[in-house]
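Peer 1: Quick one: this structure, given as C-alpha cells, is what I'll be asking you about.
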Ligand SMILES: [Zn+2]
C-alpha cells in the first residue's frame, strides 16, 4: 500500500502524492538527492540503494497524472492550449524530426510498420511515412490536442489515450517512445503493452533525458518526470524485461542536448536481474544534486511555482481557446 496525501501548493489543483518503491527493482531502500522539484513542490528525488535508479518519491498519484495529461500538461509546460503550426515552428519540430529520422533510418525499411507512443505533434511519424513512401505508421498520445493535430493537419492514424490500454489488430515492427519512459507510473505495464503490440524480433526506439549528460540546473526534476535514467540504468531496464539492447548512446545535439537514445530488440529471453548501483555514476549525480541545493533552491522553486500557477490558472479560467 502506498501512503497518499493531498499537498497544498501554489497549484490551483491540489497535488496528490503517494510514496512508492523503486520503479525498476521494487526495493524500498533509497537515499534522498533533492527535497523539492523545479517548481518548488515537495516531490523528492531519490536514488535506489539497490540498483541506482533515480526516481520521485513521493510522486503524484496515477489519478492526478491522468487528469493532468488529459487537460493541463501542455499549458503547464509550454503555455499553449494545443499543438498548432506556430508551436511546431517555434520549437523547430520539423528539424528535430529530420534529425531523429537520420538517427534510426538504418533500422527502418519501406515495409516497416511503426507505432509512435506519446507521438505529440506527429512529425516523426510524418517524416518516416514521407521518407519510406507511405509506409504504415500509427500513433497514440494522451493529449487530445496532439491526437487532433496529427489527424487533421497530418492525416495520421493517431489515437488519444494511454499505451497501457492500447491494442491493435496487427502487431507493429517498431514501437518508438520518445520522452515517454521518464513519465510512466508503471514501467512493467509499459513493457507488457510493448510485448502485446510488437511482433517477435521487432524493435523499440526510446529516448529520454540523460541524467549523466550535460544538463545544468533543476529543470529535469519536475512533477511529470517520475524517473531519470543514465545510459546504464536505461540499458539495465530493457535487459530486465528480456530485451536485447543494440545501442544506448548519449545525444548532445544543439537542438537536442543532454538526452539518450536506445534501440532494443523484442524479448527473446527471460528478463535478467538488475545489477547493483554504479558507485562512480552515483557519486557524479549526487555531486550535481548537492550543487543544485547550493543554488538557493527555495527562491528557484518559488519563482517557478508562481509562473506555473499563473499559467495554469489562466488556462483553467479560459479553456478551449487555440494557441
Ligand atoms: Zn532499484
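Peer 1: Considering 121, 145, which residue is in contact with a helix residue (DSSP H, G or I) (Cβ under 7 Å, 6 or more places away or on another chain) and assigned to a loop (DSSP other than H, G, I, E, B)?
Peer 2: Just one listed residue meets the conditions, 121.
Peer 1: Across the stretch 237-256, what is the number of residues that are surrounded by 19 or more Cβ atoms within 10 Å (Cβ to Cβ), assigned to a helix (DSSP H, G or I) and more than 17 Å from the chain's Cα centre (by Cα)?
Peer 2: Selection size over the stretch 237-256: 1.
Peer 1: Being surrounded by fewer than 21 Cβ atoms within 10 Å (Cβ to Cβ), touching a residue at least 60 places away in the same chain (Cβ under 8 Å) and in contact with a strand residue (DSSP E or B) (Cβ under 6 Å, 6 or more places away or on another chain) is the filter here, so list the residues in the stretch 108-138 that pass it.
Peer 2: Scanning the stretch 108-138 gives 112, 113.
Peer 1: Collect the residues in the stretch 34-59 that are farther than 17 Å from residue 209 by Cα and assigned to a strand (DSSP E or B), keeping them in residue-number order.
Peer 2: 34, 48, 59
Peer 1: Is there a residue in the stretch 12-21 that is outside any loop (DSSP other than H, G, I, E, B), modelled with pLDDT of 90 or more, under 25 Å from residue 280 (Cα atoms) and within 16 Å of the ligand (Cβ to nearest atom)?
Peer 2: no
Peer 1: Which is more than 16 Å from the ligand (Cβ to nearest atom) and either on the phi > 0 side of the Ramachandran plot or at pLDDT 90 or above (or both), of 105, 24, 35?
Peer 2: After applying the criteria, what remains is 105.
Peer 1: Determine, yes or no, whether residue 203 is more than 30 Å from residue 85 (Cβ to Cβ) and either free of Cβ contacts under 8 Å to residues at least 24 places away in the same chain or crowded, with 20+ Cβ neighbours inside 10 Å (or both).
Peer 2: For residue 203, the condition - more than 30 Å from residue 85 (Cβ to Cβ) and either free of Cβ contacts under 8 Å to residues at least 24 places away in the same chain or crowded, with 20+ Cβ neighbours inside 10 Å (or both) - is met.
Peer 1: Something else: Within 16 Å of the ligand (Cβ to nearest atom) and either within 17 Å of the chain's Cα centre (by Cα) or assigned to a strand (DSSP E or B) (or both) - does that describe any residue in the stretch 60-76?
Peer 2: No; the residues of the stretch 60-76 include none that is within 16 Å of the ligand (Cβ to nearest atom) and either within 17 Å of the chain's Cα centre (by Cα) or assigned to a strand (DSSP E or B) (or both).
Peer 1: Within the stretch 49-58, can one find any residue that is without any contact (Cβ under 8 Å) to a residue 24 or more places away in the chain and over 17 Å from the mean Cα position of the chain (by Cα)?
Peer 2: No: zero hits.
Peer 1: Determine whether the stretch 88-101 contains at least one residue that is surrounded by fewer than 19 Cβ atoms within 10 Å (Cβ to Cβ), more than 20 Å from the chain's Cα centre (by Cα) and under 30 Å from residue 310 (Cβ atoms).
Peer 2: For the stretch 88-101, residues surrounded by fewer than 19 Cβ atoms within 10 Å (Cβ to Cβ), more than 20 Å from the chain's Cα centre (by Cα) and under 30 Å from residue 310 (Cβ atoms): present.
Peer 1: Return yes or no: is residue 185 buried (at least 16 other Cβ atoms within 10 Å of the Cβ) and assigned to a strand (DSSP E or B)?
Peer 2: Judged against the criteria, residue 185 is not a match.
Peer 1: Moving on to the next point. Tell me, yes or no, whether the stretch 292-304 has at least one residue that is out of contact with any helix residue (DSSP H, G or I) (no Cβ under 8 Å at 6 or more places or on another chain), more than 16 Å from the ligand (Cβ to nearest atom), modelled with pLDDT of 85 or more and not in a loop (DSSP other than H, G, I, E, B).
Peer 2: No, every residue in the stretch 292-304 fails to be out of contact with any helix residue (DSSP H, G or I) (no Cβ under 8 Å at 6 or more places or on another chain), more than 16 Å from the ligand (Cβ to nearest atom), modelled with pLDDT of 85 or more and not in a loop (DSSP other than H, G, I, E, B).
The values are calculated or read from the model by the stated rules, or taken from the named source; none is laboratory data. Everything numeric in this text was worked out from a predicted model, so none of it was measured. With ideal geometry, Cβ positions are generated from the backbone for all residues, glycine too; neighbour counts draw on all protein chains shown.
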